[in-house]
1. Given the criterion under 24 Å from Leu252 (Cβ atoms), hydrophobic (A, V, I, L, M, F, W, C) and at pLDDT 85 or above, identify the matching residue among Phe73, Phe48.
2. Can you pull out the residues in region 209-225 that are touching a residue at least 12 places away in the same chain (Cβ under 8 Å) and surrounded by fewer than 16 Cβ atoms within 10 Å (Cβ to Cβ)?
3. Restricting to region 157-176, what's the tally of residues that are at pLDDT 80 or above, in a helix (DSSP H, G or I) and exposed (fewer than 14 other Cβ atoms within 10 Å of the Cβ)?
4. Tell me the helices (runs of 4 or more DSSP H) entirely within region 6-97 that contain at least 2 residues that are hydroxyl-bearing (Ser, Thr, Tyr) and over 20 Å from Leu244 (Cα atoms).
5. Quick one: count up the residues across region 116-133 that are in contact (Cβ under 8 Å) with a residue 40 or more places away in the chain and either assigned to a helix (DSSP H, G or I) or of a type in the set (A, V, I, L, M, F, W, C) (or both).
6. Here are some conditions: (1) surrounded by 13 or more Cβ atoms within 10 Å (Cβ to Cβ); (2) touching a residue at least 40 places away in the same chain (Cβ under 8 Å). Pro112 meets all but one. Which one does it not meet?
7. Are any residues in region 246-265 of a type outside the set (Ser, Thr, Tyr) and touching a residue at least 12 places away in the same chain (Cβ under 8 Å), and if so, which ones?
8. Could you give me the residue pairs with C-beta distances under 6 Å whose first residue belongs to region 40-65 and is under 13 Å from Ala237 (Cα atoms) and in contact (Cβ under 8 Å) with a residue 60 or more places away in the chain, whose second residue is assigned to a helix (DSSP H, G or I) and of a type in the set (S, T, N, Q) wherever it lies, and which are 6+ apart or on separate chains?
Amino acid sequence: MLVWSRSGRLLVWALVVPLMLVIYGLPMGVIVVASFARQWNGVLPSGFTLAHYAASLEGDSLASLTTSLATGFIASAVALISGTWAALALREVPRQRARLFDVLFFVPSAVPSVSVGLGLLVAFSHPPFLLNGTRWIVLAAHFVLISAFTYGNVRAGLTRVPLACEEVASSLGASPFYRLRRVTLPLLAPYLISAFSLSFALSMGELGATIMVYPPSWVTLPVHIFALSDRGAVFDAATLTTLLGLATVIVLTALSRLASRAAVR
């Protein structure tokens, strides 16, 4: 911290903790409480029930959760492969040209996600690339939005991988593919897992582009939550929001443990 005195640190904590609880804790707490509420006409709910959770584990709600998980894993995996490939390839490119590619990769993250969705909708609504009305356009939208962050994480990780290890492997006769498989990628493993985790979290919460392109057969959970809240089903929307956050945290926790083990190795 930039405050060195004990009294100054206590004052900062006394100001920051209540502020963080109000900004972050209160909205999340209200959502969790609303997911159990039977009715809420006063300051506090007048009754509690598990009916919302029972309903969320069947029908359209369960299908939307499954769709979000599948979309997050597929889009993040493809973004990880392409981002890693690009980052490795750009190591051999002159710095000025590499900066140009950096800009191109980060353009989608610099524009509103709704613009990305509209662009995909216009681009892929006619043959020969007709994706409109299919799940593939949703996957494409998520890939476009998260690929920049995946590429950025892997590129940052590469700057911390010691070139000496790769040079030693080359001097011992290792082929480029063997060096990549047994030296570079194992050293990059913590950063690859972190990049996948960030991409997955972003994909799970993505709404702007998805709501522009999704077909009725591939409704993600954020879109379903938006539709419920728009119809006034606030308690059901709060329940699905809680489940969305819980599912994301579980996956990220598992990935974090994998990243820790990879770092130790």
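1. Details: Phe48 fails: under 24 Å from Leu252 (Cβ atoms).
It is Phe73.
2. Hits for region 209-225 are Pro215, Ser217.
3. 0
4. Counting at least 2 such residues, we get 59-89.
5. From region 116-133, those in contact (Cβ under 8 Å) with a residue 40 or more places away in the chain are 116-118, 120-121, 132-133; that's our starting set.
Going one step further and asking which of them are either assigned to a helix (DSSP H, G or I) or of a type in the set (A, V, I, L, M, F, W, C) (or both), we end up with 116-118, 120-121.
Count: 5.
6. Evaluating Pro112 over (1) surrounded by 13 or more Cβ atoms within 10 Å (Cβ to Cβ); (2) touching a residue at least 40 places away in the same chain (Cβ under 8 Å) leaves (1) as the failure.
7. The initial filter retains those residues of region 246-265 that are of a type outside the set (Ser, Thr, Tyr), namely 246-247, 249-252, 254-255, 257-259, 261-265.
Across region 246-265, the qualifying residues are Ala247, Val251, Leu252, Leu255, Leu258, Ala259, Ala262, Ala263, Arg265.
8. Once the first residue is under 13 Å from Ala237 (Cα atoms) and in contact (Cβ under 8 Å) with a residue 60 or more places away in the chain and sits in region 40-65, its partners that are assigned to a helix (DSSP H, G or I) and of a type in the set (S, T, N, Q) give His52/Ser35; His52/Thr239; Tyr53/Thr239; Ser56/Thr239.
The values are calculated or read from the model by the stated rules, or taken from the named source; none is laboratory data. From a predicted model like this one, the values you see are computed outputs, not experimental measurements. In this analysis, Cβ positions are derived from the backbone assuming ideal geometry, glycine residues included, and neighbour counts consider all displayed protein chains.
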